[in-house]
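Scroll down for the structure; my scribbles are underneath it.
The values are calculated or read from the model by the stated rules, or taken from the named source; none is laboratory data. Just so it is clear, the structure is predicted and the values come from calculations on it, not from any experiment. When we count neighbours, we look across all protein chains shown, and the Cβ atoms used for this are built from the backbone with ideal geometry, even at glycine. The area values use the complete protein model at the heavy-atom level, side chains included, leaving out ligands, DNA and RNA. Shrake-Rupley method; radii C 1.70, N 1.55, O 1.52, S 1.80 Å.
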Amino acid sequence: MRMALILTLLGEAKKPEKEALLKGKTLLYDRLKCDNPHCITSAEHELTNIFKVVEKDLGVCRCVYCEKKQKTDLSQFL
């Protein structure tokens, strides 16, 4: 909850819909949905789903709100 509020106040939740580079990390905006039922994005539907690519070659991402790891095929996004 705290992280979602901070990101919203800083305007991070309003970033472009396409992936962006930030400090060498690739972020995906509204490309994936967090599968953690306790994540703030499950309760607050207006929040932008943001995932940080952790291991590009293995397709591992983390939700920036709850830090839940998620595997996906990144070739469709990058």
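Taking the conditions exactly as written (out of contact with any Cys (no Cβ under 8 Å at 6 or more places or on another chain) and free of Cβ contacts under 8 Å to residues at least 40 places away in the same chain), does Lys33 satisfy them or not? It is true that Lys33 is out of contact with any Cys (no Cβ under 8 Å at 6 or more places or on another chain) and free of Cβ contacts under 8 Å to residues at least 40 places away in the same chain. Arg62 fulfils the conditions (1) surrounded by 13 or more Cβ atoms within 10 Å (Cβ to Cβ); (2) modelled with pLDDT under 90; (3) not aromatic (Phe, Trp, Tyr) except for a single criterion, (2).
Of all residues in the stretch 60-78, which are outside any loop (DSSP other than H, G, I, E, B) and over 14 Å from the mean Cα position of the chain (by Cα)?
As a first pass, look at the stretch 60-78 and keep what is outside any loop (DSSP other than H, G, I, E, B): 60-63, 69-71, 74-76.
If the condition is that a residue be outside any loop (DSSP other than H, G, I, E, B) and over 14 Å from the mean Cα position of the chain (by Cα), then Ser75, Gln76 are the ones that fit.
Restricting attention to the stretch 65-76, does a residue exist that is of a type in the set (Ser, Thr, Tyr) and farther than 19 Å from Leu7 by Cα? Before you say what the answer is, go through the steps one by one.
Taking the stretch 65-76 and keeping what is of a type in the set (Ser, Thr, Tyr), we get 65, 72, 75.
Filter once more, so that each one left must be farther than 19 Å from Leu7 by Cα: 72, 75.
For the stretch 65-76, residues of a type in the set (Ser, Thr, Tyr) and farther than 19 Å from Leu7 by Cα: present.
Close contacts from the stretch 54-77, counting a first residue that is touching a residue at least 40 places away in the same chain (Cβ under 8 Å) and a second that is part of a loop (DSSP other than H, G, I, E, B) and acidic (Asp, Glu), with Cβ to Cβ under 8 Å and a gap of 6+ residues or different chains, come to Phe77/Glu19. One residue stands out in the stretch 30-59 among those that are of a type in the set (Gly, Ala, Ser) and not in a loop (DSSP other than H, G, I, E, B): the one that is most open to solvent (accessible area, probe 1.4 Å), namely Ala43. Filter the stretch 1-29 down to residues that are open to solvent by less than 90 Å² (accessible area, probe 1.4 Å) and modelled with pLDDT of 70 or more, then give me how many there are. Residues meeting the conditions: 9.
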